[in-house]
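So the structure is just underneath, and the comments pick up after that.
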Amino acid sequence: MIIRKLFKFEGAHIVRNCSSRHCRENMHGHSYIVEVFITSDRLDNGYMVMDFGLLDKVKAFIESFDHTYTLWTQEEPDFKHFVYRYNKRVAEIPVSPSAEGFALLFLYIINRILENTTFRNGEGHVQLSSVRVHETATGYAEAFREDLKLAEFTPADVLFSPAIQEEWKSDEWWKKIR
């Protein structure tokens with residue numbers, strides 16, 4: 001069985017090295033929709049794959065990108081300095097912040113979060129199936145479990161500015177997966 005949980009965030013970025021001049025040369029934003037698909041081989045004691053309440057760390061992770069400038073680690077140092085100087089909420093990531101980059105990054109991190117989630121209600125073998133990131137109303141990228149092999153980074157390569165971390169109820173979940 002499969003379940004889906006939807007999350008939303010508003011974010012800005014530049015997608016360097018893409019074909020479109022508008023995307024690669026200009027800061028711009030999107031209203032992102034993130035769909036997380038989770039499977040299990042059986043239902044828990046409540047006849048659920050898992051309680052959505054157990055996705056609180058996933059929610060905290062995705063909300064870390066809300067009203068945030070997402071900066072690619074490979075940006076020029078001068079530009080990085082500018083972004084950090086004029087933005088309190090910055091997420092620096094090891095992939096280009098395209099829909100595909102977000103989908104792969106989210107797949108990898110959410111998988112780590114689920115691997116570190118304690119299940120205590122008779123859940124079966126719960127695992128992340130895919131993550132779909134809608135960048136626009138007409139386009140999305142979806143990363144599947146088998147795409148985890150494309151992740152050439154670790155959670156330690158993802159950096160959140162202090163303003164983002166201060167909003168977390170606790171950073172233990174982040175320390176645990178890093």
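Bear in mind these aren't lab numbers, they're just calculated from the coordinates by the rules spelled out. As the structure is a computational prediction, the values presented were derived from the model and not from experiment. Please note: Cβ atoms are built from the backbone with ideal geometry, for glycine as well, and neighbour counts cover all protein chains shown.
Of all DSSP-defined beta bridges confined to segment 19-178, some 80% are antiparallel rather than parallel. Answer rounded, prolate or oblate for segment 107-159, using the Cα gyration tensor with square roots of eigenvalues a ≥ b ≥ c: rounded when a/c is under 1.5, else prolate when a/b is larger than b/c, else oblate. Note, shape of segment 107-159 comes out oblate. If you take the square roots of the eigenvalues of the alpha-carbon gyration tensor of segment 81-178 and sort them as a ≥ b ≥ c, do you get rounded (a/c under 1.5), prolate (a/b over b/c) or oblate? It comes out oblate by the Cα gyration axes. Peptides 167-178, 6-17, 60-71 ordered by packing proxy, namely the average of other Cβ atoms within 10 Å per residue, highest first: 60-71, 6-17, 167-178.
Extents of the chain, largest first, come to 53, 34, 26 Å (Cα atoms, principal axes, whole angstrom). To the nearest ten degrees, helix 77-86 and the longest principal axis of the Cα atoms of the chain are 70 degrees apart. The distance separating the Cα centre of segment 88-154 from that of segment 2-64 comes to 7 Å.
Given labels modelled 7 Å from the Cα in the Cβ direction, how far is it in nm from residue 157 to residue 27? Here the modelled spin labels are 2.5 nm apart. The length gained on full extension between residue 4 and residue 18, counted as 0.36 nm times the residue separation minus their Cα-Cα distance, comes to 2.0 nm.
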